[in-house]
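Q: Take this structure first; my questions come after.
The values are calculated or read from the model by the stated rules, or taken from the named source; none is laboratory data. Predicted model, so just to flag it, every value in this text is computed and none were measured. Every residue, glycine as well, gets a Cβ built from its backbone with ideal geometry; the counts of neighbours run over all protein chains shown. For accessibility, only protein heavy atoms count, side chains too; no ligands or nucleic acids. Shrake-Rupley method; radii C 1.70, N 1.55, O 1.52, S 1.80 Å.
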Amino acid sequence: MLDWLRLLRISGLATIATNLATAMVTAFYADGGLDVKPFAALIRNDPARVFWVGLAGAFLYLTGMVWNDLNDVDRDRLLKPRRPLPSGRVNLATAYVVGILLAVGAWLAASRVEHGFDAAGVVLALILLYDFTTKSVPVLGSLTMGLVRAGNAAFALLALGSDYLNMGVFHGVNATPADWLLAYPVILGLYIFGLTWISELESRNAKRWELLAGGALVATAIGLALTRLGSAHWLGYLYRSGGAGPVLMVVSLVFGLAIAGGLLVLVGKPYVQAVRSGRQVLVGATVGAGLAGIILLDALVACSAHPLAALLILLMYPLFRGLSRLIRMD
């Protein structure tokens, strides 16, 4: 059982959950407001929609993990023979069956919501494109993975209904083209693009400029998330509300900045060491920190929509770290 959990990289489901929550919160509060009752009512009135979208998103992630290792099994027999598939601890034929069932399950779950079948099909196509074609192509593979996560985040917006797709992707009904850069799927896609590019350098010879370029993409994503925080609608709303409003504004802003600081320290420390030394082992440390940083990035983006949402998302961080240590991939 433990080997199956390793093959599926089960700890990563925590990031899928925070991606879903962040997409929903940013879309719902794109045009302002802080009242949690309408958001709770929307979920309460149609909990099945959230369930099916969440299940489809989880299955899409797991599909990608299984087919990624199935495609790499010959290489892993030479480079990483202790992994579940090359070691034989997980039967190869069974893994193929599970991979097919997960893909079909993702499609069936997505089909239960409006536009879900088509949206999940796009994400699934990107997953298989990465696993079987672009993964071996420097940079292009990383870009594809960024599109996979961005697509999954956009797909998650269907948990609230198709009307929220515009709110979540285009940052509200009155957005300008410049605002599109602040859309959560774009921010997440840039972060994953940069992090995956950095991860490429663990297994191939590369120039240091590639490490710098990957880091620049990650930094851009964090910078866009900070821009969202600096322009959060609740800053003016709380300031003008009087009473405890200004105090809550300051507390919420400091909270958001603390998340950003934690993210920068978490990812920045091993990254700077990797740039200085050029050692591949430090590249691996950067990638590990960056994966945990997905949850902090989500919390930062969510804070720009509603500070309480950021607090809830942060609760997933210790779960991710604990599972990552308990179920480590060789």
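Q: Over the Cα atoms of region 29-133, Rg to Rh with Kirkwood Rh, two decimal places?
A: That ratio is 1.15, to two decimals.
Q: What shape does region 55-97 have by the C-alpha gyration tensor, where a ≥ b ≥ c are the square roots of the eigenvalues, rounded means a/c under 1.5, and otherwise prolate means a/b greater than b/c and oblate the rest?
A: Cα axes put region 55-97 in the prolate bin.
Q: Sticking with this structure for a sec: What do you reckon, how do H306, H115 stack up by accessible area (1.4 Å probe), largest on top?
A: My answer, sorted largest first, is H115, H306.
Q: OK, next. Can you give the percent of C-alpha pairs in region 213-330 whose distance is more than 24 Å?
A: Tail of P(r) above 24 Å: 35 percent of Cα pairs.
Q: Carbon-plus-sulfur fraction of the accessible area of region 81-145, 1.4 Å probe, in percent?
A: The value for region 81-145 is 69 percent carbon and sulfur by accessible area.
Q: On a straight-distance basis, which lysines could pair with K135 in a cross-link, Cα separation under 25 angstrom, same-chain partners fewer than 8 positions away excluded?
A: K80, K207
Q: Report the relative contact order of the chain, percent, no decimals, based on alpha-carbon pairs under 8 angstrom and at least 6 residues apart.
A: With pairs under 8 Å counted, the relative contact order is 23 percent.
Q: Once you list every other residue whose beta carbon is under 11 Å from the beta carbon of L291, what net charge do they have if Lys and Arg are +1 and Asp and Glu are -1?
A: Around L291, the surrounding residues sum to +2.
Q: What angle do you read, to the nearest 10 degrees and between 0 and 90, between the alpha-carbon axis of helix 36-45 and the longest principal axis of the chain?
A: 50
Q: I want the local charge near L158. Using Cβ-Cβ distances under 14 Å, sum +1 for each Lys or Arg and -1 for each Asp or Glu among the other residues.
A: Every neighbour counted, the sum reads -2.
Q: Under a plain spin-label model, where a point goes 7 Å from the Cα along Cα-to-Cβ, how far apart in nm are A125 and L319?
A: Simple spin-label model gives 3.3 nm for this pair.
Q: Could you state the accessible area per residue of the chain in Å², with a 1.4 Å probe and every protein chain left in place?
A: On a per-residue basis, the chain sits at 46 Å².
Q: Roughly what % of Cα-Cα distances in region 217-280 sit above 16 Å, to the whole percent?
A: Tail of P(r) above 16 Å: 56 percent of Cα pairs.
Q: Would you work out the Kirkwood radius for region 1-51? I mean one over the mean of 1/r across all pairs of different Cα atoms, in Å.
A: 13.1
Q: Describe numerically, in nm with one decimal, the distance between label points set 7 Å from Cα along Cα→Cβ at K269 and at N91.
A: 4.5
Q: Does region 71-138 come out rounded, prolate or oblate, given a ≥ b ≥ c as the square roots of the eigenvalues of its C-alpha gyration tensor, rounded meaning a/c under 1.5 and, failing that, prolate meaning a/b above b/c?
A: Oblate, since a/c reaches 1.5 and b/c is not below a/b.
Q: DSSP loop trypsin sites (Lys or Arg not before Pro) in region 260-330 with at most 12 other Cβ atoms within 10 Å of their Cβ, which ones?
A: Listed in order of number, the matching sites are R279, R328.
Q: Using only the alpha-carbon atoms, how far is helix 184-200 inclined from the longest principal axis of the chain? Give it as 0 to 90 degrees, nearest 10.
A: Helix 184-200 sits at roughly 30 degrees to that axis.
Q: Against the longest alpha carbon principal axis of the chain, how many degrees, from 0 to 90 and to the nearest 10, is the axis of helix 13-28 turned?
A: For 13-28 against the chain, the angle is about 30 degrees.
Q: Also: How fast does the chain diffuse by Stokes-Einstein, in µm²/s, taking the Kirkwood radius from C-alpha pairs at 25 °C and 0.890 mPa s?
A: 121
Q: Let me ask something else about it. Taking the Cβ of V123 as the centre, find all other residues whose Cβ is under 13 Å away and add up their charges (Lys, Arg: +1; Asp, Glu: -1).
A: -1
Q: Run the numbers for K37 and A258: contour at 0.36 nm per residue of separation, minus the present Cα-Cα distance, in nm.
A: Full extension from K37 to A258 adds 76.9 nm.
Q: Taking 22 Å as R0, compute the FRET efficiency from the Cβ-Cβ separation of S277 and L311 and round it to 0.05.
A: The computed FRET efficiency comes out at 0.05.
Q: Based on alpha-carbon centroids, what's the gap between region 45-108 and region 283-330 in Å, whole number please?
A: Centre-to-centre distance over Cα atoms comes out at 21 Å.
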